[in-house]
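Down below is the structure, laid out as structure tokens.
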Amino acid sequence: MKVLGISGTNGAGKDSIGEMLATRHGWLFISVSQILRDELSKQGLPTDRHHTHRLSAQWRRQSGTGVLIDKAMQIYEPQKDRYKGLAISSLRNPGEADEVHKLGGKVIWIDADINIRYARVKARQHGRQEDKQSFEEFVSDEQHQMHHSGDGATLNMSAVKQKADIFIDNSNDNIEKLFKEVEEALGI
């Protein structure tokens with residue numbers, strides 16, 4: 001089984017990598033952020049980052065820090081024969097990286113210059129409310145996600161970065177170059 005956990009900063013290209021693996025290589029791509037948004041929608045709650053962060057922490061407290069990877073695996077398992085691998089984005093807690101490693105997978109960390117990432121987020125077509133932040137709010141939100149709050153169930157992306165196996169800088173805005181670099185790193 002091939003499993004890739006995809007983590008990195010907002011606007012760096014996490015979902016682009018997952019979508020590329022799905023379309024070019026026959027992998028199943030699952031966004032844990034989408035799993036969280038779907039659950040919030042079922043509950044009639046807003047699907048913004050504040051609520052997804054709160055729900056993910058609640059689930060981690062109830063079921064362990066790898067719960068979002070477990071939920072992705074529950075989606076993947078019944079249909080795994082149809083796919084060549086599983087790409088899971090947006091790992092935001094080190095327990096998720098640990099769970100990917102327990103499954104024999106790798107974790108990729110993708111980043112880019114913050115100004116480039118902010119421009120990408122502002123240009124997104126799906127226009128979620130949190131994508132309408134000022135640059136200062138974007139930076140503050142990122143700092144909140146990167147640093148540990150003291151609660152092991154909350155976001156700690158810098159700890160995920162420390163557990164990553166592959167590091168890619170996507171500052172050049174060349175999507176084909178990004179895809180080639182990921183494919184080479186994964187040997188596909």
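Derivation of every value follows stated rules applied to the coordinates shown; laboratory data play no part. Here the structure is a predicted model, which means the values were calculated and not measured. All Cβ positions, even for glycine, are placed from backbone atoms using ideal geometry, and neighbour counts span all protein chains on display.
Output the pairs from Lys84/Lys132; Lys102/Lys122; Lys42/Lys177; Lys80/Lys163 with a Cα-Cα distance over 30 Å in this structure; if there are none, say none.
Details: Lys84/Lys132 36 Å; Lys102/Lys122 36 Å; Lys42/Lys177 38 Å; Lys80/Lys163 26 Å.
As for pairs spanning more than 30 Å Cα to Cα, those are Lys84/Lys132; Lys102/Lys122; Lys42/Lys177.
About its Cα centre, the dipole of the chain is roughly 420 debye, where the only charges are +1 on Lys and Arg Cβ and -1 on Asp and Glu Cβ.
Evaluating 6.51 cos²θ - 1.76 cosθ + 1.60 at θ = phi - 60° for every residue in the stretch 87-100, the Karplus couplings come out as 10, 10, 10, 10, 5, 9, 9, x, x, 5, 5, 4, 5, 4 Hz, glycine and proline recorded as x.
Here the chain is treated as a sphere whose radius is the Kirkwood value from Cα pairs; by Stokes-Einstein at 25 °C and 0.890 mPa s it diffuses with a coefficient of 147 µm²/s. With θ taken as phi - 60° and the Karplus curve 6.51 cos²θ - 1.76 cosθ + 1.60 applied, the whole-hertz 3J(HN,Hα) list for the stretch 81-86 is 5, 8, 10, 8, x, 10 Hz, x standing for glycine and proline. Remark: the stretch 52-60, residue by residue, has Karplus-estimated 3J(HN,Hα) of 5, 5, 5, 5, 4, 5, 4, 4, 5 Hz, where x stands for each Gly or Pro and the curve is 6.51 cos²θ - 1.76 cosθ + 1.60 at θ = phi - 60°. For the stretch 88-188, the alpha carbon positions stretch 39, 39, 21 Å along the principal axes, listed from largest to smallest.
Distance between the pseudo-spin-label points of Lys177 and Gln162 (7 Å out from Cα toward the beta carbon): 3.1 nm.
When the alpha carbon coordinates of the stretch 1-85 are projected onto the principal axes, the ranges are 34, 29, 22 Å, largest first.
Comparing Gly150, Gln74, Ile166 along the charge dipole axis of the chain, the residue lying farthest to the positive side is Gln74, per the Cβ-charge model. So what is the relative contact order for the stretch 3-181, in percent, with contacts set as C-alpha pairs under 8 Å and at least six apart? Across the stretch 3-181, relative contact order equals 34 percent. Of interest is the spacing of the C-alpha centroids, which for the stretch 96-125 and the stretch 1-51 amounts to 10 Å. Between Lys42 and His147, the contour length at 0.36 nm per residue exceeds the Cα-Cα span by 34.8 nm.
Longest span of the chain, sites excluded, free of trypsin sites (Lys or Arg not before Pro) in DSSP loop with at most 16 other C-beta atoms within 10 Å?
Numbers: sites that count: Lys84, Arg124, Arg128.
The longest such stretch corresponds to 1-83.
You can think of it this way: the chain between Lys84 and His50 has 8.9 nm of extra reach, that is 0.36 nm per residue less the Cα-Cα gap.
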